[in-house]
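*Asks:* One structure, as structure tokens, below. Some questions next.
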Amino acid sequence: MTYEELEILIKNDEHRQLELKKTTGELKDGMHSACAFLNTEGGWLIFGVTPSSLKILGQEVTDNTQREIAQALSYLEPQVDVRVEYVDIPDRPNQKAIAMYFNAWLWGNIPYTYHGCPYYRVESTTKEMPRDMFDLRLRQSKPDFFAWERQPSDFKGIDSLDENLIRGVVRLGVERGRMPESAMTESIKDILDKWKLLDGDKLLNAATALFTKETGMYLQLSISLARFRGTDKNEFIDSQQAEGNIFVLLNEAMNFFRKHLSMHGKVVGLIRDEWLEVPAEALREGILNSLCHREWGRYCLPVYLAIYDDRIEITNTGYLVPPLTAENITQPHSSNPHNKLIANVLYSTSYIERWGSGVKRITDACAYRNVETPTWTTDGYFVTVTFKRPDYNASVPIDVPIDVTKDVPKDDTINDTKDDTKDCIKEISDRQYLMLRFITLDDTITIDEMIQKMKVSPITVKRDLADLQAKGIIAREGGRKNGRWIILKSIQ
């Protein structure tokens with residue numbers, strides 16, 4: 001490094017990748033910053049520059065100075081090979097600035113320490129690394145050793161697993177050509193062995209996450225489901241907590257989507273084509289990604305699914321593996337799943353496609369239905385994918401799904417009754433119109449469920465339903481508990 005290069009380097013003051021010290025009298029503090037650079041994005045440590053004025057004064061460099069620097073560098077663990085540069089100062093004979101560059105931390109390396117303590121960089125400040133960040137980097141450095149999915153399960157025997165579920169997904173894998181036909185007749189133990197879900201006769205956590213019948217103390221085997229009114233979390237319309245294995249959680253999430261999202265449909269030839277406002281394929285892939293790539297070792301933290309009037313958010317514990325970022329995730333990329341055992345089972349049973357294709361499948365499904373591409377965000381501890389709801393109108397809050405027959409072409413017979421239907425709809429109240437929308441979504445909805453959703457008295461709900469039946473708009477088929485509602489005239 002030349003003096004001119006040093007001037008250019010320091011002209012913008014200290015920052016995330018530059019630390020200035022007046023002399024090696026501050027060598028210990030300087031090594032803290034060196035450790036922080038090694039654990040963050042790398043950076044320069046310069047001695048002989050006054051931080052407040054940015055004046056390059058240099059210092060006398062003796063054999064003892066060089067020994068002290070070498071000794072200080074030896075306390076960095078793991079050991080680093082650092083080139084120390086001595087820069088002559090014009091008009092200051094025998095004075096030199098001392099410059100050292102430390103490389104950035106690479107994903108998969110263990111964290112660096114100085115005198116046994118790890119440091120990291122926050123803007124221009126050096127701080128001790130928090131314990132959870134240190135532990136996370138240790139696990140990242142040896143995923144096959146530290147990964148939660150590879151640890152022994154608290155459930156001791158294979159009988160804690162759902163055998164019918166295992167057989168079912170194996171059959172699906174065979175039908176899709178991902179598994180050999182011989183798997184259909186193999187013992188459960190042999191199947192788990194081939195999936196590497198056993199350590200001898202002991203279950204691994206991956207087996208429990210995939211196939212357990214009971215969650216036990218595994219509180220993270222859960223998903224928090226919420227439908228909020230508006231665009232914030234001030235008011236719930238619906239809130240649920242589901243527990244179970246990965247396949248149970250996937251089903252619960254998809255049922256929640258179907259319950260609260262609008263359904264569209266049209267007739268193509270003789271076939272009725274129906275789809276959710278945000279494609280079910282994209283939502284399913286989003287849930288699978290959250291379950292497959294989450295950091296399962298964080299107890300008590302579920303996957304979060306939140307539906308607002310304007311968007312859908314799916315959040316899981318975890319992080320994006322560098323060089324993957326929230327900004328480049330939609331570009332082609334290789335896959336390095338956090339939970340390789342779980343991902344392998346989901347692939348072999350055809351629940352996911354080839355590794356690294358999940359984001360593309362989401363964006364392709366959205367593009368096919370002309371839905372805006374979702375966005376990803378992360379803070380290092382949680383990853384969130386956000387889908388925009390295309391039906392959102394800021395001036396008209398979305399409380400319940402829209403009519404599934406809205407876009408369905410009507411044949412001549414139906415057109416003959418269209419005017420009568422419109423007349424009937426004009427005569428019903430807004431509350432009755434809301435009831436019809438609930439019935440459109442779930443024709444088995446009970447009176448008690450309507451009371452809870454609409455926040456009105458039982459007498460009011462029963463009176464409105466009776467009025468709708470008297471007008472020939474709806475009918476009841478079957479008993480009170482096991483029956484269903486039939487809409488005789490479409491909602492316009």
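Here's the yes/no breakdown for (1) in a helix (DSSP H, G or I); (2) among the hydrophobic types (A, V, I, L, M, F, W, C); (3) at pLDDT below 75:
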site: F387; (1), (2), (3): no, yes, no
site: P401; (1), (2), (3): no, no, yes
site: T421; (1), (2), (3): yes, no, yes
site: I439; (1), (2), (3): yes, yes, no
site: D443; (1), (2), (3): no, no, no
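*Asks:* Let me ask something else about it. Against the condition modelled with pLDDT of 95 or more and either of a type in the set (S, T, Y) or assigned to a loop (DSSP other than H, G, I, E, B) (or both), how does Y319 come out, does it pass?
*Replies:* Judged against the criteria, Y319 is not a match.
*Asks:* On to the next question. Please state which of the following conditions A466 fails to meet, knowing it meets all the rest: (1) aliphatic (A, V, I, L, M); (2) within 23 Å of S262 (Cα to Cα); (3) in a helix (DSSP H, G or I).
*Replies:* (2)
*Asks:* Now, a different point. Going by the conditions given, is G58 exposed (fewer than 13 other Cβ atoms within 10 Å of the Cβ), out of contact with any Leu (no Cβ under 6 Å at 6 or more places or on another chain) and without any contact (Cβ under 8 Å) to a residue 60 or more places away in the chain?
*Replies:* no
*Asks:* So which residues in the range 373-385 are assigned to a strand (DSSP E or B), buried (at least 18 other Cβ atoms within 10 Å of the Cβ) and not hydrophobic (A, V, I, L, M, F, W, C)?
*Replies:* T384
*Asks:* Moving to a separate point now. Give the residues of the range 75-99 that are surrounded by fewer than 10 Cβ atoms within 10 Å (Cβ to Cβ) and not in a loop (DSSP other than H, G, I, E, B), sorted by residue number.
*Replies:* None - no residue of the range 75-99 is surrounded by fewer than 10 Cβ atoms within 10 Å (Cβ to Cβ) and not in a loop (DSSP other than H, G, I, E, B), so the list stays empty.
*Asks:* Would you pick out the residues in the range 20-44 that are over 25 Å from P322 (Cα atoms) and in a strand (DSSP E or B)?
*Replies:* Listed by number, the residues that qualify are L20, K21.
*Asks:* Restricting the range 108-166 to residues that are among the aliphatic types (A, V, I, L, M) and at pLDDT below 90, which is nearest to K340 (Cα to Cα)?
*Replies:* Looking at the filtered set, the residue picked out is A147.
*Asks:* Counting only residues that are over 23 Å from L221 (Cα atoms), surrounded by fewer than 14 Cβ atoms within 10 Å (Cβ to Cβ) and among the small types (G, A, S), which one in the range 153-196 is nearest to the chain's Cα centre (by Cα)?
*Replies:* G177
*Asks:* Then there's this: Give just the number: which of (1) more than 21 Å from the chain's Cα centre (by Cα); (2) closer than 17 Å to I352 by Cβ; (3) assigned to a helix (DSSP H, G or I) does L250 not satisfy?
*Replies:* Failed condition: (1).
*Asks:* Let me ask another. Being surrounded by 13 or more Cβ atoms within 10 Å (Cβ to Cβ) and over 48 Å from the mean Cα position of the chain (by Cα) is the requirement here; does G42 meet it?
*Replies:* No; evaluated as a whole, the condition is false for this residue.
*Asks:* Report, by residue number, each residue of the range 100-130 that is basic (K, R) and crowded, with 16+ Cβ neighbours inside 10 Å.
*Replies:* If the condition is that a residue be basic (K, R) and crowded, with 16+ Cβ neighbours inside 10 Å, then R121 is the only one that fits.
The values are calculated or read from the model by the stated rules, or taken from the named source; none is laboratory data. Everything numeric here is computed off the predicted structure, so don't read it as measured data. Neighbour counts are summed over all protein chains in view; Cβ atoms, including those assigned to glycine, are modelled from backbone coordinates with ideal geometry.
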